[in-house]
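Every number in this text was worked out from the coordinates using simple rules, so none of it is lab data. Not measured: the values here are computed from a predicted model. In this analysis, Cβ positions are derived from the backbone assuming ideal geometry, glycine residues included, and neighbour counts consider all displayed protein chains.
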Amino acid sequence: MTVSPVYTHFIKPLEGLFKRPPGSSEKEYLNLLKTKLSGFDPVDLREAADDIAMKAESQTWPLPGFCVKACEAAKAKRLAAEKPQTNIPVPGEPLRMPEDAALRIIAAEDAAMGLAACDGSWIVSLLEFVQENKRMPVGREVDDVRATASRVSVRIEEQIAHAGNGTNTFIDTMLSGVMGKRKRIAEAMKAMLRDPVTSN
């Protein structure tokens, strides 16, 4: 009997985090997931699972439609990375501004906030806000950006604390990815602040 790629790459990595199905039957829910997600590549399933784990706010499994959208987003991002010359929008989301363009906006419009975000470990949240909104956050939006980063840090700590047998590799990979991105973006931001890009 062959094991479903959906189980191997999507369900199994999340079993240590989610304990309750959104309906009355876990078996029916998981079977529905296997059906709805069966057409996705294993790489996209794993990426979607990582993303869902980072955004989880309870121990209840997300609705099937949410899982499908997460896999569609992962697929679109992978295709965009494989063919960077082609703009492939993520279904249901506006096209994001490239990282370097967003960093330039931060450096030009509020270098002090950019530096504070690097030192305070919320630079990734700030970058993603600028990528999505094409502008710097203002007023209460700044608090929201910081809060988003704090929630991510809390979830990481919770998953590390609750990691059981067989999930350590998943947790380590996730933590490495989050911390690696945070370090990479912070270094790029600080480099840009040291050597600002001037327009011709």
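Here are the numbers for this structure:
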| item | result |
| --- | --- |
| Order by protection proxy (mean Cβ within 10 Å, highest first), peptides 123-130, 53-60 | 123-130, 53-60 |
| Lysines with Cα under 22 Å of Lys12, excluding same-chain neighbours fewer than 8 positions away | Lys27, Lys34, Lys36, Lys55, Lys69, Lys75 |
| Sorted peptide list for 109-120, 61-72, criterion being average Cβ within 10 angstrom, highest first | 61-72, 109-120 |
| Candidate aspartates and glutamates - alpha carbon under 18 Å from Lys181, same-chain residues fewer than 8 apart omitted | Glu47, Asp50, Asp51, Glu99, Asp100, Asp119, Glu128, Glu132, Glu157, Asp172 |
| All-pairs alpha carbon distance profile, region 1-54, 10 Å steps from 0, percent | 24, 58, 17, 0 |
